[in-house]
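Asks: Have a look at this one before I ask anything.
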Amino acid sequence: MAEEKEVVTTKSDYTNTSMANVMDYMIKTIMKESINTAIPVVVTSVMRNGDGSGAGTLSAKPLIMQRDGENNSIPNGEIPSLPYFRYQFGDNAVICDPEVGDVGLAIFAQSDCSNLNGENTEKQPGSFRTFDMSDGFYLGGFWGKKPKNFIHLDGDSIKIVAPTKVIIDTPLVNISGDVIIDGEMTAKGIQYSTHTHGGVRSGDDSTGAPNQ
């Protein structure tokens, strides 16, 4: 015969002392089991759509464990398919998608969002569920490690840092102020510091190298 295990409850010594306390305990228990608001999470996988599309989705694991009546920790499972936030307005965006290991906040909608597909038209809720983890969204960037690539806006200056290179893809770059270049400048494969022009001054074959 299997050994019977004592059922542990989260009731306090005062729960059954009055009907009001009983009702308070029941209401709070139902709310805790059925209403999800927001919880810190760690990203476990990311489904990116690439530069040519909008933001994608990710899976994340809550960082706050559940616990039983004996105060034992219960490991969490993953929350799948959370649409993640990208800073975007119309056709303009800053693409900095989440990575595995990032810490963020999962927030949960008050209605079933399963019928949403990225369009900006109203949709009927997929069911009558409310505040469910199935209807979550991800906001990231908490407790991040020291970045290697970044744009720093500080007071009246803007600093762009990249460990390898910065790519600007546009038909025209217009700089209205002075330009200071500390490193080597190359245009169409020609280095400015060593390039010379021929036949410019009378009697000379070249203009010589630029002043250093």
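The values are calculated or read from the model by the stated rules, or taken from the named source; none is laboratory data. Quick caveat: nothing in here was measured; it's all calculated off a predicted structure. Note: ideal-geometry Cβ built from the backbone for every residue, glycine included; neighbour counts use all protein chains shown. All accessible areas refer to the heavy atoms of the entire protein, side chains included, with ligands and DNA or RNA removed. Shrake-Rupley method; radii C 1.70, N 1.55, O 1.52, S 1.80 Å.
Asks: Across segment 56-111, what is the number of residues that are in a strand (DSSP E or B) and not small (G, A, S)?
Replies: Kept after step one, since they are in a strand (DSSP E or B), are these residues of segment 56-111: 57-62, 66-67, 73-74, 79-84, 87-89, 92-94, 103-108.
Of the ones still in play, those that are also not small (G, A, S) are 57-58, 61-62, 66-67, 74, 79-80, 82-84, 87-89, 92, 94, 103, 105, 107-108.
Here the count works out to 21.
Asks: In segment 85-126, what residues are touching a residue at least 60 places away in the same chain (Cβ under 8 Å), farther than 22 Å from H152 by Cβ and of a type outside the set (G, A, S)? Write out each step before concluding.
Replies: In the first step, residues of segment 85-126 are kept if they are touching a residue at least 60 places away in the same chain (Cβ under 8 Å); the result is 102-108, 118.
With farther than 22 Å from H152 by Cβ added as a condition, the list becomes 105-108, 118.
L105, I107, F108 - these are the residues of segment 85-126 that are touching a residue at least 60 places away in the same chain (Cβ under 8 Å), farther than 22 Å from H152 by Cβ and of a type outside the set (G, A, S).
Asks: Considering only residues that are touching a strand residue (DSSP E or B) at 6+ places or on another chain (Cβ under 9 Å), closer than 22 Å to N149 by Cβ and among the hydrophobic types (A, V, I, L, M, F, W, C), which ones fall in segment 165-194? Give the derivation first.
Replies: Pass one, segment 165-194, residues touching a strand residue (DSSP E or B) at 6+ places or on another chain (Cβ under 9 Å): 166, 184-185, 192.
Narrowing the set further to residues that are closer than 22 Å to N149 by Cβ leaves 166, 184.
V166, the sole residue that qualifies.
Asks: Can you tell me how many residues within segment 37-82 are farther than 25 Å from D112 by Cβ, touching a residue at least 60 places away in the same chain (Cβ under 8 Å) and not acidic (D, E)?
Replies: 2
Asks: Separate question: Considering each residue of segment 103-148, count those that are open to solvent by 100 Å² or more (accessible area, probe 1.4 Å) and closer than 17 Å to T44 by Cα, and give that number.
Replies: Number satisfying all stated conditions: 2.
Asks: Return the residues of segment 15-54 that are open to solvent by 60 Å² or more (accessible area, probe 1.4 Å), touching a strand residue (DSSP E or B) at 6+ places or on another chain (Cβ under 8 Å) and β-branched (V, I, T); say none if nothing qualifies.
Replies: T37
Asks: Let me ask you something else. Kindly evaluate R67 against the criterion of being surrounded by 15 or more Cβ atoms within 10 Å (Cβ to Cβ) and touching a strand residue (DSSP E or B) at 6+ places or on another chain (Cβ under 9 Å). Working first, answer last.
Replies: Values: surrounded by 15 or more Cβ atoms within 10 Å (Cβ to Cβ): no; touching a strand residue (DSSP E or B) at 6+ places or on another chain (Cβ under 9 Å): yes.
No: the conditions fail for R67.
Asks: Which of the residues spanning segment 84-94 are open to solvent by less than 100 Å² (accessible area, probe 1.4 Å) and in contact with a Leu (Cβ under 8 Å, 6 or more places away or on another chain)?
Replies: Going residue by residue through segment 84-94, those that are open to solvent by less than 100 Å² (accessible area, probe 1.4 Å) are 84, 86, 88, 90, 93-94.
Listed by number, the list holds a single entry, Y84.
Each row is one residue, and each column tells you yes or no for (1) within 30 Å of I168 (Cβ to Cβ); (2) of a type outside the set (A, V, I, L, M, F, W, C).
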{"site": "S34", "(1), (2)": "no, yes"}
{"site": "G56", "(1), (2)": "yes, yes"}
{"site": "P62", "(1), (2)": "no, yes"}
{"site": "M65", "(1), (2)": "no, no"}
{"site": "S81", "(1), (2)": "no, yes"}
{"site": "Q88", "(1), (2)": "yes, yes"}
